[in-house]
Each structure stands twice: as C-alpha cells, then as structure tokens.
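The structure appears right after this line, and notes come after that.
Every read-out reported here was derived from the displayed coordinates using simple, explicitly stated rules and does not represent laboratory data. Remember, predicted model here, so these are calculated numbers, not experimental data. Note: ideal-geometry Cβ built from the backbone for every residue, glycine included; neighbour counts use all protein chains shown.
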Amino acid sequence: MDQLLQQIEQYKQEISSVVPDGAEALEAYRIRFLGTKGIVKGLFAEMKNVPGDQKKEFGQVLNDFKQLAEGKYEDWKNSLGGAATGKSAAIDLSLPGDALPLGTHHPITLVRDQIVHIFGRLGFSVAEGPEIEDDWHNFTALNLPENHPARDMQDTFYINQNPDWLLRTHTSSVQARTMEKQKPPIRIICPGRVYRNETISARAHCFFHQTEGLYVDENVSFADLKQTLYFFVQELFGKDVKIRFRPSYFPFTEPSAEMDINCRICGGSGCAVCKHTGWVEILGSGMVHPKMLDNFGIDSNKYTGFAFGMGIERICQLKYRINDLRLYSQNDVRFLKQFTGAV
Ligand code: DAH
C-alpha cells in the first residue's frame, strides 16, 4: 500500500509538471493516464490487493488522483479549442470553410416588399402601428361603433388584462393612427400582420397580412383611386391584367368598392380559385368617409381621400399559385425554398 501511495505521489508530480502541448501530446497523455490500459485503471485494479482496513483511505487517494488526471485532460483539451482533439486533430487552414446554408425570403415578405416598392414610386411612404390595438383605433374611430353589425365580420382575440385591448383585425387602424398625428397631404401604405378569430383551414387563418393604403389631399377623386390601383396591379401582375370594381360597403369609406382582377390561375376561363367566375377579389377600397376625416380634425369640406386594403396572402396565392393558406406558416423548407430568387 505504501508503495502504491508513493507511486501515486510521483504520478501527481508528473501531471503537474506536464506542459500542455499540441493535440498529439494530449492524446498520448490520455492514453497513458486515462486509457483503458492506462495508469488510473491500473491503480483501481490494485484495489483488490489492498488490505480491507486500508481500502477506504486508498480509495479516497485514488479518486482524488483520478480527478486530477481528468481535470488536467479537460483543461488541456479546452486550451486546444475542444475540436482539435483525436487523431485527425491537425487544422488544415487551406481547406475551404463550411458553407452556411442560405435562407430565402418568405413569399409574404417578397410580395410585401414589391407592394411597398410600387407604391413607393408613387410617393407613398410606409407607416406602421401596433398589433395589439385598442377598440378606438381598430373600430370606433373607423366609424364602427360598438354593436355595429359590420364588427361581426371581424371577430378577434381580446386581451384579458384590459377589455379595451384586442389583436387588430385589419391594418385600417394605422389609417386612424396616422390621421391622428399627421395633417394632409397624407400618402401612406401600411403593411402588417392582422388577426381574426377564425377556424384554421386552407382558406382561413387566425392571422394573416394586409397592406392598407391612404391618400388624403385636396381634390382627390375616385378616378385617382381607380387609376392608382390599376397602375399597381399592372406593375405587380403585368400589363395584361384586367380590373373591375364592384360596389361594396365599408363603414370608413363612402362610396366603397371591391376590386377584382381577372384570375391569374386559369386566365379567366374558370377554376376553383375564381369559383368559375374568371374574377378574383383582391382588395376593398373607397373614398374616405367624411366622418372619419372629421374624427381626426381634418376639414372634410376641404380635403378628400381614398383608402384601400388588401390581403397579402391572396395576392401571393395568385402570383405564385399557392393553394393552401396554412403553407405560409408551417415553416416547411420544401415550400419556402421554392421562392429562392423569385420576384
Ligand atoms: N379593412 C378592410 C378589411 O379588412 C379592408 C379595407 C376596405 C380597407 C376598404 C380600406 C378600405 O382602407 O377603404 O376587410
């Protein structure tokens, strides 16, 4: 036993005097002390020869020694950068680096950027607002007072903490926020995420994206609205695109209209997307209701404006033939990587 303790003492000195060197020396050290036929294992094997009453003491010394040997190994390995251990530890600096997998833009981002770009050329700047809205900006200021039937179409999620807070149902809330702090001329485009309390399916989701547009100035007419939107779809879908306006109702515009384009999927001959009509609705629009302007202290006798709102997913569906809304948020790379380089 004394002889063994003496030996351990020598090994300890050896370990503390070893100066860490390259990976090869580290491996030699590991084999010598910690390998399956190494010193530590060998000493543990000696345990059976130690008299019973000394086993405990010897065991303790041995464990300390093992920890010392392993600690040295870990420190040494870390000082080499971890990876540089083992037989093929040498670093070849001439090797090319590991290629980073390149991501792609999400199709919603691609289309949003195109929309922003097209309107940017017409002098519209981007305005943003919060996704957690209050009742006033999302509904009441837009001429949708409590108990107004048009609220039924936009059920949403409410925040328990405050019954006045909700997840915005449309980007029209940004119109309200802009008119609150800015006076005409106003020319903004407001892309963003919106929420609705809907059961998720291929055609509906509890969140999606919209882009709102608002133009308020003197002498803005319905003809300006039509021409602006016609220019927009021509830029986005090509010169051959056809449009039509259908009368509609929105509480914040008067008159209101929905705009359809000829179906990009079937070219107008009729398919499931256009429900065999040849036309697909892409946006709601209208002349800003005078009451809206008055709500924000903008003189409705002097100023007029037009507004519109469109779903980005729908535009994307027509542009890239995407037939299921759920694909946008499933994060399936097989879907996402198809848009590499797409514009
Ligand atoms: N906010 C409407 C919706 O989500 C879309 C819309 C329609 C926006 C007409 C407008 C507009 O600005 O003028 O259904």
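How about residue 291: which lysines have a C-alpha closer than 26 Å to its C-alpha, ignoring those fewer than 8 places off in the same chain?
In chain and number order, the partners are 181, 183, 226, 302.
Over the chain, with a Gaussian network built from C-alpha contacts below 10 Å, which listed residue (127, 307, 272) shows the highest mean-square fluctuation?
272
Give me P(r) over region 2-85, computed from all C-alpha to C-alpha distances, binned every 10 Å, as integer percentages.
Calculated P(r), rounded to whole percents: 17, 48, 25, 9, 1.
For the chain, can you list the cysteines whose C-beta has no other cysteine C-beta under 4.7 Å from it?
Unpaired cysteines in the chain: 190, 206, 316.
Could you tell me the calculated FRET efficiency between residue 24 and residue 47, based on Cβ-Cβ distance and R0 = 51 angstrom, to the nearest 0.05? Don't skip to the answer; put the middle values down first.
Details: r = 32 Å, r/R0 = 0.62.
After rounding to 0.05, the efficiency reads 0.95.
For residue 2 and residue 32, what does the FRET efficiency come to when R0 = 25 Å and r is the distance between their Cβ atoms, rounded to the nearest 0.05? Can you show the working numbers first?
On the way: r = 23 Å, r/R0 = 0.94.
Taking R0 as 25 Å, the efficiency between residue 2 and residue 32 is 0.60.
Taking the Cα centre of each part, how many Å lie between region 5-51 and region 227-268?
What the calculation gives is 81 Å, centre to centre.
Order of 157-170, 35-48 by packing, highest average Cβ count within 10 Å first? List each step's numbers first, then the result.
Values: 157-170: 15.4, 35-48: 13.1.
Peptide ranking by packing, descending: 157-170, 35-48.
For the chain, give the magnitude of the charge dipole about the Cα centre (Cβ charges: +1 Lys/Arg, -1 Asp/Glu; no others), in debye to the nearest 20.
1120 debye
For region 49-193, place one equal point scatterer on every Cα, skip the solvent, and apply the Debye formula. What is log10 of I(q)/I(0) at q = 0.11, 0.12 Å⁻¹?
For the requested q values the scattering log ratios are -0.67, -0.72.
What whole-number volume per residue, in cubic angstrom, does the convex hull of the C-alpha atoms of region 204-343 give?
Here the figure is 135 Å³ per residue.
Just round it to a whole percent: the fraction of Cα-Cα distances in region 106-167 exceeding 16 Å. Numbers along the way, then the final one.
On the way: 1147 of 1891 pairs.
For region 106-167, the fraction of Cα-Cα distances above 16 Å is 61 percent.
Search the structure for amide H atoms under 5 Å from the amide H of residue 279, placed 1.01 Å from N in the peptide plane, and list their residues when 5 or more places away or on another chain.
It is 263, by chain and number.
Just in region 254-309: which trypsin sites (Lys or Arg not before Pro) are loop by DSSP and have at most 12 other Cβ atoms within 10 Å? The partial results should precede the final answer.
Working: sites: 264, 275, 291, 302; in loops: 264, 275, 302.
Counting only loop positions with at most 12 other Cβ atoms within 10 Å, the trypsin sites (Lys or Arg not before Pro) in region 254-309 are 275, 302.
Distance in nm between label sites at residue 276 and residue 63, each 7 Å beyond Cα in the beta-carbon direction?
Taking the simple label geometry, residue 276 and residue 63 are separated by 8.2 nm.
PRE reach from residue 78 (point 7 Å along Cα→Cβ): which of region 7-23 fall under 17 Å by backbone N?
The answer is 20-21.
With an 8 Å Cα cut-off and a minimum separation of 6 or more residues, compute the relative contact order for region 107-339 in percent. Before the final figure, lay out each step's value.
Values: 437 pairs, mean separation 48.7, N = 233.
After rounding, I find 21 percent.
Answer rounded, prolate or oblate for region 107-339, using the Cα gyration tensor with square roots of eigenvalues a ≥ b ≥ c: rounded when a/c is under 1.5, else prolate when a/b is larger than b/c, else oblate. Working shown, then result.
Details: a/c = 1.69, a/b = 1.21, b/c = 1.39.
Judged from the Cα gyration tensor, region 107-339 comes out oblate (a/c at least 1.5, b/c at or above a/b).
What does the highest-first list of 11-21, 107-117, 219-229 look like by mean Cβ count within 10 Å? Don't skip to the answer; put the middle values down first.
Numbers: 11-21: 12.5, 107-117: 18.5, 219-229: 15.4.
Answer by packing, highest mean first, reads 107-117, 219-229, 11-21.
List, in order, the whole-Hz ³J(HN,Hα) value for each residue of region 239-246 obtained from phi through the Karplus relation with A = 6.51, B = -1.76, C = 1.60 and θ = phi - 60°; use x for Gly and Pro.
5, 7, 5, 10, 10, 8, 10, 10
How do the peptides 249-256, 50-57 rank, highest first, by the average count of neighbouring beta carbon atoms within 10 Å per residue? Don't jump to the answer; show the numbers that get you there.
Working: 249-256: 19.0, 50-57: 10.5.
With the highest mean Cβ count within 10 Å placed first, the list reads 249-256, 50-57.
For a quick check of your reading of the filter: which GluC sites (Glu not before Pro) in region 189-247 sit in a DSSP loop and have no more than 13 other Cβ atoms within 10 Å?
Counting only loop positions with at most 13 other Cβ atoms within 10 Å, the GluC sites (Glu not before Pro) in region 189-247 are 218.
Considering the chain as a Gaussian network with a 10 Å cut-off on Cα pairs, which listed residue, 101, 145, 184, attains the greatest mean-square fluctuation?
101
Considering only Cα-Cα distances, which of the following residue pairs are longer than 23 Å: 239/337; 275/319; 37/72; 48/77? Walk me through the numbers on the way to the answer.
Details: 239/337 28 Å; 275/319 17 Å; 37/72 18 Å; 48/77 32 Å.
Exceeds cut-off: 239/337; 48/77.
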